[in-house]
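Inspection log for the structure reproduced underneath, given as structure tokens.
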Amino acid sequence: MSETKQAIPAHLATRRVNEVIEDLRDLCVQIEPAGSLRRGRDMVNDVEIVALPKRRTDLLARLDRWVLLGEISKAFYGGAAGKQSNRWGDKYRGFEYRGVRIEIFLADADNWGYIYWLRTGTGQANQFVMQQLLARKAPYGPLEGYWYWYPGRRKISVPDELELFRLLGIMHVIPPGARREEAYRTLMTGNWATTVTWAGAEDEMKPVQGRLL
């Protein structure tokens, strides 16, 4: 999550995020806003994007080029002892664009559904879901950005949010604006999926679902 100190109106955040998305769309199979913006908040602190690039290196290179051209600047984040640092890795980058801090998270065809769900939030609801998976001894769960079947540690393909919710024992996608702990508490039954699709090579394109705003 970003460390934006002051909330900004959603209409302003939407305008800026859409400008960035349109300038990256040619490099992506899928790219969507997430966070509190996707959940329909009027004021937002976290302006997040989730992208499934055609080639990760091409998208990262374009962001690097924007920095060199001065179109964006790397965001600074506070750390221990007042030290500040950038977050400019291969899976997650934070930058400032026209007065708005934007964070972009990169996914692939096997974890798009999980990353899109995770970055939509809320953080409290996501934490509750993880606690329930552990408490109810689910045979699978997330690890380092992917879902794994624990016996044999086989990677599970989660290409869309519908599959993510199926793994949670919920047979429909909860609308972004309703993703609160109470909703998961009511709907998570502990009836875990017994059939899954195993993840293949990262460059094997799998279908992803459309926008769920």
**Q.** Segment residue 181-residue 19, length gained on full extension (0.36 nm per residue, minus Cα span)
**A.** 55.1 nm
(Q) Per DSSP helix of 4 or more residues, -39500 (n - 2.57); summed, then divided by the residues of the chain. What does that give at 222 nm, rounded to the nearest 500? (A) -9500 deg cm²/dmol
Q. Which entry is the computed semi-axes √(5λ) of the Cα gyration tensor in Å for this structure: (i) 35, 18, 17; (ii) 38, 17, 15; (iii) 29, 20, 16?
A. (iii)
Q. Suppose R0 equals 35 Å; then what is the FRET efficiency for residue 143 and residue 11 from their Cβ-Cβ distance, rounded to the nearest 0.05?
A. 0.40
Q: Provide the FRET efficiency to the nearest 0.05 for the residue 74-residue 191 pair, computing r from the beta carbons and using R0 = 41 Å.
A: 0.35
**Q.** Nearby aspartates and glutamates by direct alpha-carbon distance to residue 155 (threshold 20 angstrom, same-chain neighbours under 8 apart not counted)
**A.** 108, 110, 144, 163, 202, 203, 204
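If packing is taken as the average number of other Cβ atoms within 10 Å across a peptide's residues, how do 28-36, 119-127 rank, most packed first?
Per-residue mean Cβ counts within 10 Å order the peptides as 28-36, 119-127.
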Q: State log₁₀ I(q)/I(0) for region 47-115 at q = 0.19, 0.23 Å⁻¹ as given by the Debye formula over alpha-carbon point scatterers of equal weight, solvent excluded.
A: -0.79, -1.05
**Q.** Leading residue at positive end of dipole, region 1-153 (Cβ point charges), from 112, 17, 143
**A.** 143
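Can you bin region 122-187 into rounded, prolate or oblate? Criterion: square roots of the alpha carbon gyration tensor eigenvalues sorted a ≥ b ≥ c, rounded for a/c under 1.5, prolate for a/b above b/c, oblate for the rest.
Taking the square roots of the gyration eigenvalues as a ≥ b ≥ c, region 122-187 is prolate.
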Q) Fewest first, what order do 186, 194 take by the number of other Cβ atoms within 10 Å? A) 194, 186
Q) For residue 90 and residue 26 in one chain, what is 0.36 nm times their gap in residues minus the Cα-Cα distance, to one decimal in nm? A) 21.2 nm
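Rule-based calculations on the coordinates, nothing more; no lab input. Just so it is clear, the structure is predicted and the values come from calculations on it, not from any experiment. With ideal geometry, Cβ positions are generated from the backbone for all residues, glycine too; neighbour counts draw on all protein chains shown.
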